[in-house]
Amino acid sequence: MTRTLSLLAATALSASALLAAPTVSQAEGGAASVEKVADFPHQVTGVTVSEDGRIFVNFPRWTEDSPVSVAEVGKDGSIKAYPNDDWNAWRNARKDELSPGDHFVCVQSVVADGRGSVWALDAGAPAQSLLVPGAPKLVRIDLKTNAATKTVRFDETVAPQGSYLNDVRFSPDGRHAFITDSGAKGALVVVDLESGKARRVLDGDPSTQVKKGLVVEADAAPLRRPDGRGVEFSADGIALTKDGRHLYWQAIKGDTLYRIETAALVEALGGGADPAAKVEPYGKNGVADGLLIGRDSGDMYVTAPQDDAVKIRDLAAGAAGEARVLVQDERLRWPDTLAEGPDGTVYVTTSRIQDSAFFKPDAPAALATQLWRIVR
């Protein structure tokens, strides 16, 4: 605890992000290269870019009690707590003082909806461990007022103990949200954003679970914790087609991409049967974390942490399509989440999971990470 507090003091929010001078590396493989946008003093996962070009990131409380959960990235690479300091004031050490329903506890994803808002998905489970009661939620922040305007809270029927809400996508009409749960028992969650009604579906379905026998590697060796446990993330990466018709997802400890028509999910939310029979395997991506479907191209971008790479595949080629390397660079240590800017630029965070204290006990609690843009 002393060590953690010391690190926090040394990396206080005033220090924010450490912007490196933009440097473009020549790709080791593929048709593109990467340019560093910013360095962060904490472990980043999510990134999103609003329709007016503002960049937002989040820092889950995994191995440190991070002093900021959601932040806006300045043009100089600095980070500022978003939407304000109060929403970011929760700490593990103050869990009995501050309401987890009105503060960020363990934000895993931030996503701009293209409709004037950015949403923060709070898994509510610091250190990927026990859920803090009342913490799992989806928070909408108005980009004009920079104020939280809606909170959709998830009870134990949607986010039971052992769950870890991971990433989210929004229907083009703004009516529904679709969420992956990468926790102990994978699932999807479908949400009516107007009423706040939510339903957990595909709970325990093979499409949302880890693949037995698969071993996730890093640096060409099995990635394991000191006690021998490997990577066990269930349904994680998620992507939605531009027309909102199909939702795609994949487990990190898995190699198969799955999809379903969103109409089946909405029907289930309205009281229909669980849509397991309507899930469609859609080919192989290999081990992957983040997914993104290009706004205009319709191609799927795939982060490949085992390969220090971002791959791309033509979804129009169907399930037989292959993910090919777009950019490979040794500095892309655990490429995590992808986002597309209004000009088509694709951004990717490197969360460096293989370098974290989960897998390397001597690693610092506050792990420095990066944000990159892909240059084509």
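Summary table below
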| read-out | value |
| --- | --- |
| Any hit, region 34-42, residues being under 16 Å from the mean Cα position of the chain (by Cα) and modelled with pLDDT of 95 or more | yes |
| Residue that is nearest to residue 51 (Cα to Cα) [pool: residues in region 353-376 that are within 20 Å of the chain's Cα centre (by Cα) and in a strand (DSSP E or B)] | 373 |
| Positions within region 237-273 being closer than 11 Å to residue 207 by Cα, of a type outside the set (Phe, Trp, Tyr) and not in a loop (DSSP other than H, G, I, E, B), in sequence order | 250, 251, 256, 257, 259, 260 |
| Counted residues, region 72-87 - those being touching a residue at least 40 places away in the same chain (Cβ under 8 Å) and under 15 Å from residue 118 (Cβ atoms) | 8 |
| Evaluation of residue 315 against (1) in contact (Cβ under 8 Å) with a residue 12 or more places away in the chain; (2) over 17 Å from residue 240 (Cα atoms) (one fails), failing number | (2) |
| Selection count where residues are closer than 20 Å to residue 278 by Cβ, basic (Lys, Arg) and touching a helix residue (DSSP H, G or I) at 6+ places or on another chain (Cβ under 8 Å), scope region 196-230 | 1 |
| Within region 320-344, tally of residues that are within 18 Å of the chain's Cα centre (by Cα) and among the β-branched types (Val, Ile, Thr) | 1 |
| Residue in region 102-112 that is among the aromatic types (Phe, Trp, Tyr) and under 17 Å from the mean Cα position of the chain (by Cα) present | yes |
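The values are calculated or read from the model by the stated rules, or taken from the named source; none is laboratory data. For clarity, every value in this text was computed on a predicted model and none was experimentally measured. Ideal geometry is used to build each Cβ from the backbone, glycine not excepted, and the neighbour counts take in all protein chains shown.
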